[in-house]
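Input: a single structure, listed below in structure tokens.
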Amino acid sequence: MDKWLSHPNAVRLISLALGILLWAVVHFNPDSTPNNVASLIETRTFTDVKVQVRGLDDQSYVLKSMDPAKVKLIVRGTPSDLLAARADGGYIVEADLSTVKAGTHTITLRTDLPRSIQTIQVEPSTVTVVLEELQTKEFEVQVTTTGTPKEGYKAGAPVLRPTNRAHVTLPASEMDRVDHVGGSISIDGADKTLKDKSVKLVAYDGSGQEIPGAEVDPAVLEVEVPITNPFKQVPIQLKLIGQLPAGLSVANLTPSAEQATIYGPQTELDKIDFIEADLNLSEVTKSGKMDIALSKPDAVTEVSPAAITVDVQVVLTQTRTIQGLPITVKGLGNGLKMQITNPAGGQADITFKGAPAVLDKLQPGDVSVEADLSGRGPGTYTIPLNVNSPRFVDQSGGNTSIEVEITNVATEPTPTPGLPKTDEPASGSGIEPDGSEPSGTEAEGTGGTGGSAGGSPTPSPTMAPTPTPTSTSTPSSLPTSSDGA
């Protein structure tokens, strides 16, 4: 007996018998008959399995609705397999939309379960889906700024890169809701240009509300917001300084720009009406272009452009004399009268120099000749003449002054019998027959306090002689060629 028990085959047989006995004890069902054991297969029911969508062309269609969204699923398998499948999310019920187009469709559901699990029932077995075609439309992007820059600075219009347009994709029935595509960027407290800032783009409706589900492409753009000092555009005024070389005159000046942009505090900009550019005529020897820097007031931080180019055209000078120009007298004191004693007739003959083409267009009405009597009382005076002429035309000869006699109106001598009364002047006396003020040779002060001691001069009305001016042209000693020097 001991020999048999020690045999290897005997040990194996005993082990097998014990294993079968233990298995039977574990699987024994006290409610069944002694000949049955518990079943190894179970059935499970899941009532809220979500239906998943497969095969939808989401570039062309959108799923508007699916009914029902969850179904009941009955499956069968071993307890261990059923448990493992639930843990791994292996209970999949799906609707295949790969072959359907826009519209309403009924789709048969199918399951995707592990091989060890059998589908018993899907309830309901179909779902109703509604697909709508997607539409894409292009819009111009509108980026707005929020906040305010640092005091004294201004924000310019945002600049978008690489484009200022975007495409919006939505179901066709919702595309009309889109009013614009935009984004916003904060400039609060900024004192320099904001560069390389990213802005997320959103589709908005007419009331400024974001439209859910709208797909914007590109979704993000780079934006630059210029932040500058306040600026103002003002005209450029050429200021001529110095003198041209003898024998030359300016025929024309053409600047490359007529306006400049100035930057600085707004209060200072409001005080500036123009910017000057000094053209030194003494440096001009022939026609050509000159670069001139623009003047920059102390309160201005920047002038753009900083310089301009001026095309200067010069020609040989000619002269022209205009005779009989009326002399305007101003500043005669109240209670005084005056008479021009030289030149006779109270008219001036002025010789002008300039470019031939400019002189040819010069008319007597383009010139004014003035004499200022401010602060002068009774007496005889030599008064310099102030001749105002058009640009590029200068006085080169003729009358440069006049002689006047100023008297008090109250001290006129009593008229001698046989001579004209003072209120009935004779011809050549300087008083018009109708009793009006003198015409060019004599005038009476009607305003101001000038002329008497301590008085302040006040301009009187213009006095003009009646003779018609005449003009003569006289070439200069230089050649009259129209070419530049």
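The values are calculated or read from the model by the stated rules, or taken from the named source; none is laboratory data. All figures in this text were calculated on a predicted structure; none of them were measured in a lab. Cβ atoms come from the backbone with ideal geometry, glycine included; neighbour counts cover every protein chain shown. Ligands, DNA and RNA are stripped out before the accessible areas are found, and what is left, the full protein with its side chains, is counted by its heavy atoms. Shrake-Rupley method; radii C 1.70, N 1.55, O 1.52, S 1.80 Å.
For the stretch 154-165, a residue qualifies if it is surrounded by fewer than 13 Cβ atoms within 10 Å (Cβ to Cβ), touching a residue at least 40 places away in the same chain (Cβ under 8 Å) and not in a loop (DSSP other than H, G, I, E, B), and exactly one does: Arg161. Might you let me know whether the stretch 203-218 holds any residue that is more than 30 Å from Val130 (Cβ to Cβ) and not in a loop (DSSP other than H, G, I, E, B)? For the stretch 203-218, residues more than 30 Å from Val130 (Cβ to Cβ) and not in a loop (DSSP other than H, G, I, E, B): absent.
The rows are residues; the columns are (1) open to solvent by less than 80 Å² (accessible area, probe 1.4 Å); (2) without any contact (Cβ under 8 Å) to a residue 40 or more places away in the chain.
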position: Val122; (1), (2): yes, no
position: Leu131; (1), (2): yes, no
position: Glu140; (1), (2): no, no
position: Val143; (1), (2): yes, no
position: Gly152; (1), (2): yes, no
position: His167; (1), (2): yes, no
position: Asp176; (1), (2): no, yes
position: Asp179; (1), (2): no, yes
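Scanning the stretch 118-132 for residues that are among the acidic types (Asp, Glu) and within 17 Å of Val49 (Cβ to Cβ) gives a single hit, Glu123.
Filtered by the rule that a residue be in contact (Cβ under 8 Å) with a residue 40 or more places away in the chain, open to solvent by 20 Å² or more (accessible area, probe 1.4 Å) and not aliphatic (A, V, I, L, M), the stretch 237-265 gives Gln237, Lys239, Gly242, Pro245, Asn252, Thr254, Pro255, Ser256, Thr261, Tyr263, Pro265. Contact map, the stretch 54-80: first residue farther than 13 Å from Thr111 by Cα and of a type in the set (Phe, Trp, Tyr), second residue in a strand (DSSP E or B) and open to solvent by 50 Å² or more (accessible area, probe 1.4 Å), Cβ cut-off under 9 Å, separation 6 or more or different chains; pairs are Tyr61/Glu133. Checked against the criterion of being without any contact (Cβ under 8 Å) to a residue 40 or more places away in the chain, surrounded by 13 or more Cβ atoms within 10 Å (Cβ to Cβ) and either touching a helix residue (DSSP H, G or I) at 6+ places or on another chain (Cβ under 6 Å) or not basic (Lys, Arg) (or both), the candidates Glu224, Glu268 yield just one match: Glu268.
The conditions of being outside any strand (DSSP E or B), in contact with a strand residue (DSSP E or B) (Cβ under 6 Å, 6 or more places away or on another chain) and farther than 30 Å from Leu359 by Cα are met by Ala190. Taking the listed residues Gly288, Gly324, the one that is loosely packed, with under 14 Cβ neighbours inside 10 Å, out of contact with any His (no Cβ under 6 Å at 6 or more places or on another chain), touching a residue at least 24 places away in the same chain (Cβ under 8 Å) and not acidic (Asp, Glu) is Gly288, with no other qualifying.
Candidates in the stretch 214-238 are the residues that are closer than 25 Å to Lys154 by Cβ and aliphatic (A, V, I, L, M); of these, the one that is modelled with the lowest pLDDT is Ile227.
Between Asp298, Asp273, Asp311, the distinction of being over 30 Å from Gly189 (Cβ atoms) and free of Cβ contacts under 8 Å to residues at least 40 places away in the same chain belongs to Asp273 only.
In the stretch 370-396, the residues that are under 30 Å from Thr317 (Cα atoms) and in contact (Cβ under 8 Å) with a residue 12 or more places away in the chain reach residues that are among the β-branched types (Val, Ile, Thr) and open to solvent by 70 Å² or more (accessible area, probe 1.4 Å) with C-beta atoms within less than 6 angstrom, at least six apart or across chains, in these pairs: Leu385/Thr400. Restricting the search to the stretch 348-373, which residues are surrounded by fewer than 17 Cβ atoms within 10 Å (Cβ to Cβ), of a type in the set (Gly, Ala, Ser) and either at positive phi or outside any strand (DSSP E or B) (or both)? Correct list: Ala357, Gly365. Which one is nearest to Asp298 (Cα to Cα) among residues in the stretch 235-251 that are in contact with a Ser or Thr (Cβ under 9 Å, 6 or more places away or on another chain) and in a strand (DSSP E or B)? Residue satisfying both the conditions and the ranking: Lys239. Residues in the stretch 385-393 include at least one that is closer than 28 Å to Thr254 by Cβ, of a type outside the set (Gly, Ala, Ser), open to solvent by less than 40 Å² (accessible area, probe 1.4 Å) and part of a strand (DSSP E or B).
Could you say whether any residue in the stretch 365-376 is of a type in the set (A, V, I, L, M) and under 43 Å from the mean Cα position of the chain (by Cα)?
No, that holds for no residue.
When each of Glu140, Glu151, Glu133, Glu94 is tested for being of a type in the set (D, E, K, R) and outside any strand (DSSP E or B), the lone residue that passes is Glu151.
Lys232 passes every criterion in (1) in a strand (DSSP E or B); (2) open to solvent by less than 40 Å² (accessible area, probe 1.4 Å); (3) in contact with a helix residue (DSSP H, G or I) (Cβ under 8 Å, 6 or more places away or on another chain) apart from (2). On the given criteria, is Ser80 of a type in the set (Gly, Ala, Ser), modelled with pLDDT under 95, open to solvent by 60 Å² or more (accessible area, probe 1.4 Å) and in contact with a strand residue (DSSP E or B) (Cβ under 7 Å, 6 or more places away or on another chain)? Against the criterion (of a type in the set (Gly, Ala, Ser), modelled with pLDDT under 95, open to solvent by 60 Å² or more (accessible area, probe 1.4 Å) and in contact with a strand residue (DSSP E or B) (Cβ under 7 Å, 6 or more places away or on another chain)), Ser80 does not qualify.
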